[in-house]
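First up is the structure itself, then whatever we jot down about it.
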Amino acid sequence: MKRFTIITLAAVCLAFLAGCNENGKKMQSNINQTVETIMARRSIRAFKADPVDHATMDTILKCAINAPNAMNAQSWAIRVSDDSAFLAGINDTFREAGAKSKNARMAAMATSPNFKGLFYGAPTVVFIATDDGRWSGFDCGMMCENLMISAKSCGVGTVALGSPTDALLLPEEAGYLAKLNIPEGYHLALIIAMGYPHQSPEAKPRDAGKIQWIK
Ligand SMILES: Cc1cc2nc3c(=O)[nH]c(=O)nc-3n(C[C@H](O)[C@H](O)[C@H](O)COP(=O)(O)O)c2cc1C
């Protein structure tokens with residue numbers, strides 16, 4: 001019995017010390033599920049064919065619109081599609097019209113043999129429009145980050161896409177753009193391609209030198 005008590009006491013002390021620094025002070029563990037999800041998120045550019053199920057999308061979109069935003073103005077319009085004909089139509093039109101575009105970057109993209117589609121073949125795509133308000137870009141950025149992190153936490157891969165917003169401005173894409181029903185005074189600002197990931201890329205390096213503590 002005495003031996004058992006000593007072993008138990010030693011185990012408790014070890015467990016306590018494992019959470020202490022060299023001065024024996026209790027350290028706080030800052031690793032939790034949110035931190036892990038943020039650190040594990042990467043842009044996904046290859047997706048499985050199944051669209052993200054609507055119950056999961058509802059959760060993700062609810063998280064998105066619960067982002068902080070200036071004066072709760074919610075300066076965003078969010079359009080979601082997993083209609084394969086709609087998404088393929090945008091892509092096919094871009095391949096044809098983009099190839100003839102005077103914009104060299106767009107023409108190069110549309111004709112590249114490596115072109116994987118405007119949305120990298122994602123089965124679910126979120127289109128985000130905003131206005132020119134002072135804080136609207138921040139509002140949308142915060143909303144998109146909520147969307148992408150909650151997606152990651154649900155096993156859904158995402159990539160934010162700026163370039164395809166230009167593609168949708170091609171006159172030939174007007175019918176698709178009109179279907180997005182973007183409010184007056186708003187413009188398409190960002191697209192988020194979503195789906196179950198078919199790759200797990202490594203993190204790109206980050207420059208910790210961008211952070212400075214000021215005394
Ligand atoms: C506003 C914005 C626009 C982006 N546009 C594109 C894009 O047009 N094409 C693309 O492949 N990735 C795009 N990305 C994804 C970035 O390339 C990616 O987030 C960055 O390289 C860091 O990699 P990570 O997301 O895996 O950490 C965009 C990201 C943001 C935030």
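List of remarks:
- Residues located in region 35-67, provided they are more than 16 Å from the ligand (Cβ to nearest atom), surrounded by fewer than 18 Cβ atoms within 10 Å (Cβ to Cβ) and outside any helix (DSSP H, G or I): Lys48, Ala49, Asp50, Asp53, Asn66
- Scan of region 133-156 for residues that are touching a residue at least 40 places away in the same chain (Cβ under 8 Å) and within 10 Å of the ligand (Cβ to nearest atom), ordered by number: Gly137, Cys140, Cys144, Glu145, Met148
- Glu96 satisfies every condition listed in (1) among the acidic types (Asp, Glu); (2) closer than 14 Å to Ala167 by Cα; (3) in contact with a strand residue (DSSP E or B) (Cβ under 9 Å, 6 or more places away or on another chain) except (3).
- Criterion: farther than 20 Å from Ile128 by Cα and touching a residue at least 24 places away in the same chain (Cβ under 8 Å) - qualifying residue of Met57, Met109: Met109
- Total residues in region 176-189, condition in contact with a Ser or Thr (Cβ under 9 Å, 6 or more places away or on another chain) and touching a residue at least 60 places away in the same chain (Cβ under 8 Å): 6
Bear in mind that the values in this text are calculations on the coordinates, not laboratory data. Every value quoted in this text rests on a predicted model; they were computed, and no experiment measured them. Using ideal geometry, Cβ is built from the backbone for each residue, glycine included, and neighbour counts are taken over all protein chains shown.
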